[in-house]
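Q: Structure below; questions to follow.
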């Protein structure tokens with residue numbers, strides 16, 4: 001889900017509460033705080049030698065012992081408006097960072113709107129070889145990007 005799509009849902013439903021559902025179907029406790037809203041840019045070289053970059057909007061969710069509150073869509077929308085100056089565009093994908101039990105970033109996969117709640121289903125991120133052809137992974141002769149035959153790494 002992009003920042004534009006996420007912001008529109010928040011703006012269209014300002015009184016709604018927000019629920020984030022982790023990939024294992026556990027729910028981030030409703031008394032979470034959004035402690036950071038950031039633009040994260042990652043520049044890297046893949047194992048085939050190609051320069052790449054990714055850019056995301058990351059919302060850091062954190063829970064404490066104060067469980068007598070919930071964040072409304074309108075409040076989160078106002079937080080995003082304050083952070084707007086750090087985003088190069090509103091087309092960035094949105095991820096939620098949460099410690100469950102390790103700090104992980106979860107892309108928002110889908111959303112559902114009920115009478116009083118916006119429910120965002122989060123998905124897991126996975127590692128991958130981005131140079132499969134160059135590394136020979138798609139070729140049955142080599143099954144590793146680190147093998148001497150692969151020509152990469």
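Q: Does any residue of the range 62-71 turn out to be modelled with pLDDT of 95 or more, in a strand (DSSP E or B) and closer than 28 Å to residue 130 by Cβ?
A: no
Q: Output the number of the condition that residue 14 fails; it satisfies all remaining conditions of (1) more than 22 Å from residue 89 (Cα to Cα); (2) within 16 Å of the chain's Cα centre (by Cα).
A: (2)
Q: Also, I was wondering about something else. Out of (1) out of contact with any helix residue (DSSP H, G or I) (no Cβ under 7 Å at 6 or more places or on another chain); (2) under 24 Å from residue 103 (Cα atoms), the odd one out for residue 38 is which?
A: (1)
Q: Can you confirm whether the range 11-18 contains a residue that is surrounded by 13 or more Cβ atoms within 10 Å (Cβ to Cβ) and part of a strand (DSSP E or B)?
A: First pass over the range 11-18, keeping only residues surrounded by 13 or more Cβ atoms within 10 Å (Cβ to Cβ): 11, 13-14, 16-18.
Imposing the further condition that a residue be part of a strand (DSSP E or B) reduces the set to 17-18.
The answer is yes; a qualifying residue exists.
Q: Within the range 111-153, track down each residue that is surrounded by 13 or more Cβ atoms within 10 Å (Cβ to Cβ), assigned to a loop (DSSP other than H, G, I, E, B) and either in contact with a strand residue (DSSP E or B) (Cβ under 8 Å, 6 or more places away or on another chain) or at pLDDT below 90 (or both).
A: Initially, the range 111-153 is screened for residues surrounded by 13 or more Cβ atoms within 10 Å (Cβ to Cβ), giving 111, 113, 117-123, 129-132, 134-137, 142, 144-145, 147, 150-153.
Next cut, assigned to a loop (DSSP other than H, G, I, E, B) only: 123, 129-131, 136-137, 142, 144-145, 147, 151-153.
Scanning the range 111-153 gives 123, 130, 136, 137, 142, 144, 145, 147, 151, 152, 153.
The values are calculated or read from the model by the stated rules, or taken from the named source; none is laboratory data. Predicted, not measured: the structure shown is a model, and the values here were computed from it. Cβ: placed from backbone, ideal geometry, glycine included. Neighbour counts: every protein chain shown.
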